[in-house]
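Everything below concerns the one structure shown next.
The values are calculated or read from the model by the stated rules, or taken from the named source; none is laboratory data. Keep in mind the model is a prediction, meaning the values are calculated, not measured. Ideal geometry is used to build each Cβ from the backbone, glycine not excepted, and the neighbour counts take in all protein chains shown. Heads up: the accessible areas ignore ligands, DNA and RNA and are worked out on the full protein's heavy atoms, side chains in. Shrake-Rupley method; radii C 1.70, N 1.55, O 1.52, S 1.80 Å.
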Amino acid sequence: MIGIFDSGLGGLTVVKQFLKYLPQYRIMYFGDTANLPYGTKSRKAITNYSIKNTEFLIKQRAKIIVIACHSASSVAALGLRKKFPQIPIFDVIKGGLTKAVKESKHKKIGIIGTAATIKSGVHEKFLKSLDPEIKVFSQACPLLVPLIEEGFKARPETKRIVRYYLREMKSQFIDTLVLACTHYPLLYKVFFEVLNKRVKIIDPAQEVAGEVLEFLKKNPKIEKQIERDSQKYKFFISDKPYRYEEFSQRILGKKIKFKVVNLE
């Protein structure tokens, strides 16, 4: 089974890509909705939550772990790999940034995410390791997640706020934008309308799904351990947040049955 965790329900945008690229495998999702958002939490808190999430998925027989949360990927991925060396752990950073470097023609890349993700500096550090000449423009966008969860994707207020957050990047003529938050792909159309149409918009969820697919092709022993049953996906949450059923249906296009579990 492939285990995917996120701080809430935004990680279902990652699940959506796994259903597209790896539909034959069983997938288990855990959204830590009792502790969301991770983006405003301390490094210690995010790390502790991520360890508990990983332990839970492993106990459920997950053979691969995917950190769908960008804040957790930025802060806790390295620690998780050290603590759980026996299991492959993927995050949503490496693949998306590698794709951004390939797509960028003028080496001007924008990163938008939560406060914790941007503060970590992980994205800029990784981009610079790939190409020291790349100029990185980062922006925390704390208002976007609540707007998305309220269903304000098509509202003029949302477009004005996006335009405000991206004003510096536009003035610097970025040519590539990385959506470093699982919620942000739901605003793809708005980003496209606000930015120059030549700006490439990168959804890291697509890239991490591709990474796992390639990994399984190269590691047949592990691939054989992944259960195959596309009809038996499992969805867990740690609490029932406001309008969670409606929001999850907007992402996956169908009703999802969630089981509430307490990891304390």
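The table for this structure:
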{"quantity": "Portion, in percent, of the accessible area of the chain that falls on carbon or sulfur, probe 1.4 Å", "calculated": "52 percent"}
{"quantity": "Cα-centred dipole magnitude for the chain, charges only on beta-carbon of K, R (+1) and D, E (-1), debye, nearest 20", "calculated": "340 debye"}
{"quantity": "Phi to ³J(HN,Hα) by Karplus 6.51 cos²θ - 1.76 cosθ + 1.60 over segment 98-103, Hz, x for Gly, Pro", "calculated": "4, 5, 4, 5, 5, 7"}
{"quantity": "Extension gain (nm, one decimal) between Ser129 and Arg243, 0.36 nm per residue minus Cα-Cα", "calculated": "36.9 nm"}
{"quantity": "In nm, spacing of pseudo-spin labels at Lys82 and Lys232 (7 Å Cα→C-beta vector)", "calculated": "3.7 nm"}
{"quantity": "Accessible area per residue, Å², the chain with all protein chains present, probe 1.4 Å", "calculated": "49 Å²"}
{"quantity": "Selected from Gly96, Ile118, Ile134, residue furthest toward positive end of dipole (segment 75-161; charges at beta carbon)", "calculated": "Ile134"}
{"quantity": "Linear extension gain, Leu143 paired with Phe173, 0.36 nm per residue minus alpha-carbon span", "calculated": "8.5 nm"}
{"quantity": "Cα centroid separation - segment 133-165 against segment 23-90, whole Å", "calculated": "25 Å"}
{"quantity": "Out-of-range pairs (alpha-carbon distance over 28 Å; input Lys102/Lys170; Lys16/Lys170; Lys108/Lys255; Lys108/Lys234)", "calculated": "Lys16/Lys170; Lys108/Lys255; Lys108/Lys234"}
{"quantity": "Relative packing of peptides 245-252, 219-226, 24-31 - highest average C-beta neighbours within 10 Å first", "calculated": "24-31, 245-252, 219-226"}
{"quantity": "For segment 1-73: relative contact order, % (alpha-carbon pairs under 8 angstrom, 6 or more apart)", "calculated": "51 percent"}
{"quantity": "Interchain or long-range residues, amide H under 5 Å from Ile202's placed H", "calculated": "Leu177, Val178, Leu179"}
{"quantity": "Acute angle (nearest 10 degrees) that the helix 156-165 long axis makes with the longest principal axis of the chain, alpha-carbon atoms", "calculated": "80 degrees"}
{"quantity": "Candidates Cys181, Cys69, Cys141, ranked by Gaussian network fluctuation over the chain, Cα under 10 Å, top entry", "calculated": "Cys141"}
{"quantity": "For segment 32-153: relative contact order, % (alpha-carbon pairs under 8 angstrom, 6 or more apart)", "calculated": "24 percent"}
{"quantity": "Nearest-0.05 FRET efficiency for Lys119 and Arg61, computed from C-beta distance (R0 30 Å)", "calculated": "0.30"}
{"quantity": "Gain in span if fully extended, Arg198 to Arg43, counting 0.36 nm per residue against the direct Cα distance", "calculated": "52.2 nm"}
